[in-house]
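S.K.: Sending over a structure as structure tokens; questions will come in a sec.
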Amino acid sequence: MASTSAAKANRALPQRARKDEDKEARRRLILDEALALYQATSYAEVKMADVAGRAMLAKGTVFLYFPTKEALFLALLEDLLFAWFARLDGLLAEDTSAWTGPRLARTVAESLEGEETLTRLLALLQTVLEQNVTAEQLRPFKERLLAALLRAGTLVEQRLPFLRDGEGPRFFIHLHALVTGLRQMADVAPVAREVLEALPHLAPLRVDFTAELTTALTTLLRGLESR
């Protein structure tokens with residue numbers, strides 16, 4: 001069943017979007033409905049037909065904007081990822097004094113609290129999303145990612161004087177690897193969650209995403225500082 005917001009947005013659009021602003025509004029509508037479905041289910045369960053239904057659009061119209069499901073979710077990831085980079089840049093630029101490694105680790109890990117959708121999609125980037133998009137679709141994302149990584153990496157190097165040139169951007173490569181692994185470990189299947197909660201002695205197997213990410217980043221940065 002189409003959402004109320006989708007119905008309202010769709011009624012405001014012409015049957016065929018001809019103006020640039022109409023096309024962007026329709027693209028935004030598709031992304032919003034895909035996001036709502038993903039947050040309620042899982043990537044595997046989201047169908048393009050369901051996205052079209054929620055947006056009150058023909059399935060073919062959705063494919064005009066996003067040729068594949070992977071292209072749709074890559075665009076969704078792009079929105080979430082670069083919004084997070086902008087927020088993190090602001091946090092790193094607020095205090096221009098030298099930081100400790102633990103402070104930076106906490107800042108980065110806590111900036112991802114409440115960003116479960118983003119971290120879930122990051123875990124799918126290489127293994128799923130990049131598997132069914134064209135070079136033309138992927139290249140702008142990679143170019144934008146590099147620019148964001150270099151900008152944030154420079155800020156990290158400014159906050160942590162013990163880092164060498166180029167280690168700030170590499171920090172985010174390591175962060176991506178940690179986020180991917182820890183998100184998958186934290187998002188256990190319902191049956192696994194039931195077992196872990198029922199048996200207290202299995203508590204060491206439970207993964208708190210933010211706490212473990214903070215610990216891992218702190219350990220990484222302490223190792224770099226102690227060289």
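S.K.: Go through the range 68-83 and give me each residue that's surrounded by fewer than 16 Cβ atoms within 10 Å (Cβ to Cβ) and in contact (Cβ under 8 Å) with a residue 60 or more places away in the chain.
M.R.: 82
S.K.: Suppose we filter 106, 183, 170 for residues that are within 21 Å of residue 222 (Cα to Cα), of a type in the set (Lys, Arg) and either crowded, with 16+ Cβ neighbours inside 10 Å or in contact with a Ser or Thr (Cβ under 8 Å, 6 or more places away or on another chain) (or both); which single one remains?
M.R.: 106
S.K.: Within the range 97-205, which helices (runs of 4 or more DSSP H) (wholly inside it) include 1 or more residues that are within 26 Å of residue 31 (Cα to Cα) and in contact (Cβ under 8 Å) with a residue 24 or more places away in the chain?
M.R.: 101-111, 116-122, 135-159, 167-186
S.K.: Can I ask one more? Among the listed residues 206, 183, identify the single one that is under 17 Å from the mean Cα position of the chain (by Cα), closer than 23 Å to residue 120 by Cα and basic (Lys, Arg).
M.R.: 183
Throughout, read-outs are computed from the coordinates displayed, never taken from laboratory work. Since we're looking at a predicted model, the values are computed, not measured. Glycine also receives a Cβ, built like all others from the backbone with ideal geometry; neighbour counts cover every protein chain displayed.
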